[in-house]
Each structure stands twice: as C-alpha cells, then as structure tokens.
Amino acid sequence: MKTQEINVRDPYVLLHEGKYYMYGTRSRLCWDKPADINTQGFDVYVSADLENWDAPVEVFTRPQDFWADRNFWAPEVHVYKNAFYLFATFIGEGRRRGTQILRASSPLGPFTVHSDPITPPDWECLDGTLYVDKKGTPYMVFCHEWVQIKDGTICAVQLTDDLSAPVGEPRILFAASAPHWADKNAPRNVTDGPFFYRTESGALLLFWSSLQGSQYVQAVARSSNGDIDGAWEHLDLLYEADGGHGMVFTTKEGTLMLTLHTPNVKYTEYPVFIPLQVDGDRVRPQ
C-alpha cells in the first residue's frame, strides 16, 4: 500500500536494520463508541522506501484483564538497553486518560505490559515520549491536557532505570500559551505530541503540536542549555496547514525527516514526510 492509503493519526517511524517501522493511532476506529475489539490495539507498517508499505501487523492486542478499553492513542517505539519500549495513551471506565509503557524484543512485537500508568492518576494526560538526558537518566515527557486545565502543559517526570515506574513528581516544561505565535485569549490552548531531537551542534529541540485558531500546527522549541532543565525558546512554526503530532528521524540516506498526520480531520488523516534542513541549532523544511 502507498503512504496516502494509510489512515492513521500520530505517525511514528523507527528505522531498524534497514527497514522503516511506522506505528500510529487507528484513525477510522479510534473515535468509535462504544469501544470494541477493533479499537483496542496497535499496528505497525513496514517499508524499505517510505512509499510502499506492507499490510499492517498488529503488535499489541488488549489483554483481557487490561484496565483500558478505548482511546488507544499515539504509540511510539524507542530502543532502550537492547529492547523495544512502546509508549502509548489509554483510557478506561472510571479512570483518567494516561500514558504507560509496553515492552517487546522486536519492533514487530508482540508488546506486553511493562508498567502501570506513569502519569498521575488524577491528571488527564496523553502522548508520553522517552528522553534520556546527558547523564543517562531516563524521563517521560508528556502533555497535561487542556481538557482539564484549559492551558495545556508539557511536563517531564523521571523514570526508573528500567522504565517501569516514575521517580518523584512531574514538573512543567512550558504551557501551550507560552509561544509568541499563541493566542493568549483562546478558549483552549492545546499541547500534543512532544518529541526530542538533538542536532549535531548539541542543541536540544522539542517538537510538539498545538492549535492556531482552527488549524493544527507543528511547533518546535529549543532548550537554552541543551538539556531538559533549560529554559525553552519557542521558534517559528514548522507546519501550519492543519497537520501535526510530528516526530523526526534520519533516513537511510542521511536526511532528517519530519513525519506528521494531515489533515486533522477524523477518518481522513494520513502520514506525510517532509525533509528538514538543519541550520546550526534550528531546523526548517528543505
């Protein structure tokens, strides 16, 4: 199948041993209620060229005793200490939305439950991602949702070395209203899809998404000290044509590639790939 035929939100690409593995939220079914078995899992698409993809392989199927029964959202897979860790968002009856971690020995899965929810049980949260600081300490960075606090935030919590539990309390990195391009008086300020990238110059960039008016946009911020505890400078928007929840990866040819879903309209989303040019401590579309 071609890229434009893949109806997913929140695309995430892992390059492993010469193949591209793309994970994402099942768009056509992720909003359906009541939840059914078709909404309760994650798939991967495999490609050699980012254009032609094999049929999806299910890498996680909801265990019978799993606490969540809907909103299986935003899977992303990180290689950490010789294993594959899938960070994903879930919600269940009587419990708030949160992110937890699954584990497998292969990018094809099967992934099994590795942790309880990492995010605070009384917070509405989503879109956890892995960040490992310069000292080797792992963190999960995630969004505290605007649906609960109106001005959404991006937060960080330290993880145990085996990624099985949080260490201490989360702290706020910044709020959705912080950028110069944000509408300070908007009825909602959204934070979505954080993802980190370090440039060859050592700059730490944080990709994330928000809304500007009715348009979903792809944003980027830069740490003042090259690590997670720096002050965050908000750069110009990368993508303003109703697309977002992006991440970046390096292709086999060495090109830095941004992928995101567009349009941000239920049941019509598909991945796009946008080559990026790195200019010192900034990035821009080629």
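Pick from Asp161, Asp116, Asp122, Asp127: which is charged (D, E, K, R), assigned to a loop (DSSP other than H, G, I, E, B) and under 20 Å from the mean Cα position of the chain (by Cα)?
Testing whether each residue is charged (D, E, K, R), assigned to a loop (DSSP other than H, G, I, E, B) and under 20 Å from the mean Cα position of the chain (by Cα) leaves just Asp116.
Tell me which residues, restricted to the range 69-86, are under 20 Å from Gly98 (Cα atoms) and among the basic types (Lys, Arg).
Arg70
Could you list, in sequence order, the residues of the range 105-137 that are surrounded by fewer than 20 Cβ atoms within 10 Å (Cβ to Cβ) and in contact with a Leu (Cβ under 7 Å, 6 or more places away or on another chain)?
Residues satisfying the conditions are Thr112, Val113, His114.
Please go through (1) part of a loop (DSSP other than H, G, I, E, B); (2) modelled with pLDDT under 95 for Asp49 and return the number of the only condition it doesn't satisfy.
(2)
Within the group Met247, Met257, which residue is closer than 13 Å to Leu205 by Cα and either open to solvent by less than 50 Å² (accessible area, probe 1.4 Å) or under 19 Å from the mean Cα position of the chain (by Cα) (or both)?
Step by step, each of Met247, Met257 is checked, and only Met247 is closer than 13 Å to Leu205 by Cα and either open to solvent by less than 50 Å² (accessible area, probe 1.4 Å) or under 19 Å from the mean Cα position of the chain (by Cα) (or both).
Take the residues in the range 263-286 that are farther than 19 Å from Glu200 by Cα and among the polar types (S, T, N, Q), then tell me which one is most open to solvent (accessible area, probe 1.4 Å).
That would be Thr268.
Tell me the residue from Tyr23, Tyr85 that is open to solvent by 10 Å² or more (accessible area, probe 1.4 Å) and within 20 Å of the chain's Cα centre (by Cα), please.
Criteria check complete, one pass: Tyr85.
Looking only at the range 189-196, decide whether some residue is out of contact with any Leu (no Cβ under 7 Å at 6 or more places or on another chain), under 20 Å from Thr129 (Cβ atoms) and polar (S, T, N, Q).
yes
Looking at the structure I just gave you, is Gly41 modelled with pLDDT under 95, surrounded by 14 or more Cβ atoms within 10 Å (Cβ to Cβ) and touching a strand residue (DSSP E or B) at 6+ places or on another chain (Cβ under 9 Å)?
Spelling it out, Gly41 is indeed modelled with pLDDT under 95, surrounded by 14 or more Cβ atoms within 10 Å (Cβ to Cβ) and touching a strand residue (DSSP E or B) at 6+ places or on another chain (Cβ under 9 Å).
Pairs please, first residue from the range 110-123 and within 16 Å of Arg95 (Cα to Cα), second anywhere and polar (S, T, N, Q) and open to solvent by 100 Å² or more (accessible area, probe 1.4 Å), Cβ atoms under 9 Å, 6+ apart in sequence or on different chains.
No pair meets every condition.
The values are calculated or read from the model by the stated rules, or taken from the named source; none is laboratory data. Keep in mind the model is a prediction, meaning the values are calculated, not measured. Cβ: placed from backbone, ideal geometry, glycine included. Neighbour counts: every protein chain shown. Side chains are part of the model used for accessible areas, which takes the heavy atoms of the whole protein and leaves out ligands, DNA and RNA. Shrake-Rupley method; radii C 1.70, N 1.55, O 1.52, S 1.80 Å.
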